[in-house]
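Asker: Here it is, the structure, as structure tokens.
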Amino acid sequence: MFGWLGSDEAPEAAPQVGAASGMGQVGLAGSVRVAGPGGWRAVRSVAPGDMLLTFDGGLQRVEATMSEPASPACGVCPNALWPIEVPPGALGNRDLMHLAADQPILIESDLAETLTGDPFAIVPARSLMGVRGIHRAPPSANEVVVTLSFAEEQIVFAAGGAALHCPVAADLLAATGAPARYPLLPLETALRVVSQLAPATLQARSAGLPGIRS
């Protein structure tokens, strides 16, 4: 998995830190629910030491959280900073979901397999705009953007089934020189992959996770 064989562009490392306050380019809205041993809970309630269910690592301990305003403290939030709104079902999510524009997302794609040798790909949320109703929307009043981080990069389940990338905690990042565990497709390649997604193939297979209560 994630072999990235045969790609015509080198994959990038997924973003490892949140954007500056008010920018909200990486992370997920605080109201988005993530999967843990007790069921689904709003990400804004997650604290360091909590355990969350991950894509291929089982339950993993959250090392750090960062919460930032979704929009600048003063004035109107510019359209370029609006979060990405993901309608229910678009990415295997049962619930409406708001993500920062550069939040990495796991998708499955035949074209990704052709280009990289792996059907799973990590793409930025902004690359999915226009697919199955995914679009920018103004942030809600007082909304926050939350970034979760772990001892190693992880993919967590959110909003009932979508799979979202979480970075290495900042205080651990400097201690490792290892390559990215989940490389992010370059934007040009991501756009190519996304453009070929049929409605049925965009449904994440993680929906309806066993043992996780709604």
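Asker: How much accessible surface does VAL168 have with a 1.4 Å probe, in Å² rounded to 10?
Answerer: Around 10 Å² of this residue is reachable by solvent.
Asker: Rounded if a/c is under 1.5, else prolate if a/b beats b/c, else oblate: with a ≥ b ≥ c from the C-alpha gyration tensor eigenvalues square-rooted, which is the stretch 41-89?
Answerer: Note, shape of the stretch 41-89 comes out oblate.
Asker: Which whole-number value in Å² is the accessible area per residue of the stretch 74-157, probe 1.4 Å?
Answerer: 37
Asker: Further question: When a/c reaches 1.5 or more, the comparison of a/b and b/c decides; with that in mind, is the stretch 28-142 rounded, prolate or oblate per its Cα gyration tensor?
Answerer: In terms of gyration-tensor shape, oblate.
Asker: Using a Förster distance of 41 Å, how high is the FRET efficiency between SER45 and ARG181, based on the Cβ-Cβ distance and rounded to 0.05?
Answerer: The pair SER45/ARG181 has a calculated efficiency of 0.95.
Asker: Place the peptides 139-146, 123-130 in order of packing, highest mean first, counting for every residue the other Cβ atoms within 10 Å and averaging per peptide.
Answerer: Highest mean packing first, the order is 123-130, 139-146.
Asker: Where Lys and Arg each count +1 and Asp and Glu each count -1, what net charge lies around GLN60 among other residues with Cβ under 14 Å from its Cβ?
Answerer: Cβ neighbours under 14 Å give a net charge of -3.
Asker: On to the next question. Could you check the simple spin-label distance between SER67 and ALA80, using points 7 Å along Cα→Cβ, in nm with one decimal?
Answerer: So the label points at SER67 and ALA80 sit 2.9 nm apart.
The values are calculated or read from the model by the stated rules, or taken from the named source; none is laboratory data. Please read all numbers here as calculations on a predicted model, not as lab measurements. All Cβ positions, glycine included, derive from the backbone under ideal geometry; neighbour counts span all protein chains shown. Please note that ligands, DNA and RNA were not included when accessible areas were found on the heavy atoms of the full protein model with its side chains. Shrake-Rupley method; radii C 1.70, N 1.55, O 1.52, S 1.80 Å.
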